[in-house]
């Protein structure tokens, strides 16, 4: 008897599919061709959902932000399920330091 769980994943924006065998809660990510190369979450295969990006609406300035393959700054990746649930992966700007020369 095999007690290892099998989880089947897919992406609603591209053809990526994956099978994992992890007992702990997890969500695999992948570089999504449908979201212009951003690292996006996979969802349980057969899920009724939409995975989409949210552009940054504020001024970027000198911040180091995540951009998609077309150079557009992205704030988050949101998964909206048909039953009203939402998941959100936030792409926060990276911290930088200033040299003391």
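The values are calculated or read from the model by the stated rules, or taken from the named source; none is laboratory data. Here the structure is a predicted model, which means the values were calculated and not measured. Every residue, glycine among them, receives a Cβ derived from its backbone with ideal geometry; neighbour counts consider all protein chains shown.
How many residues are more than 16 Å from residue 13 (Cα to Cα) and in contact (Cβ under 8 Å) with a residue 12 or more places away in the chain when one looks only at the range 68-81? Full working, then the answer.
Of all residues in the range 68-81, those more than 16 Å from residue 13 (Cα to Cα) come to 70-75.
This time we only want the ones that are in contact (Cβ under 8 Å) with a residue 12 or more places away in the chain, so: 70, 72-75.
The qualifying residues number 5.
On the given criteria, is residue 19 farther than 20 Å from residue 86 by Cβ and at pLDDT below 95?
On the way: farther than 20 Å from residue 86 by Cβ: yes; at pLDDT below 95: no.
It is false that residue 19 is farther than 20 Å from residue 86 by Cβ and at pLDDT below 95.
Suppose we keep only residues that are assigned to a strand (DSSP E or B) and under 19 Å from residue 71 (Cα atoms) within the range 31-50. Which one would you say is farthest from the chain's Cα centre (by Cα)? Break it down into steps so the answer makes sense when it comes.
Start the filter on the range 31-50 by keeping residues that are assigned to a strand (DSSP E or B), which leaves 31, 39-41, 43-44, 49-50.
Narrowing the set further to residues that are under 19 Å from residue 71 (Cα atoms) leaves 31, 39-40.
Details: 31: 8, 39: 5, 40: 3 Å.
Result: 31.
If you go through the range 51-67 one residue at a time, do you hit one that is within 19 Å of residue 8 (Cα to Cα) and part of a strand (DSSP E or B)? Break it down stepwise before answering.
Looking only at the range 51-67, we keep the residues that are within 19 Å of residue 8 (Cα to Cα), and these are 51.
Of the ones still in play, those that are also part of a strand (DSSP E or B) are 51.
Yes, the range 51-67 contains a residue that is within 19 Å of residue 8 (Cα to Cα) and part of a strand (DSSP E or B).
Conditions tested, residue by residue: (1) crowded, with 17+ Cβ neighbours inside 10 Å; (2) under 30 Å from residue 98 (Cβ atoms).
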{"position": "9", "(1), (2)": "yes, no"}
{"position": "21", "(1), (2)": "no, no"}
{"position": "34", "(1), (2)": "no, no"}
{"position": "50", "(1), (2)": "no, no"}
{"position": "71", "(1), (2)": "no, yes"}
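For residue 45, only one of the following conditions fails: (1) under 30 Å from residue 6 (Cβ atoms); (2) exposed (fewer than 12 other Cβ atoms within 10 Å of the Cβ). What is its number?
Every condition holds for residue 45 apart from (2).
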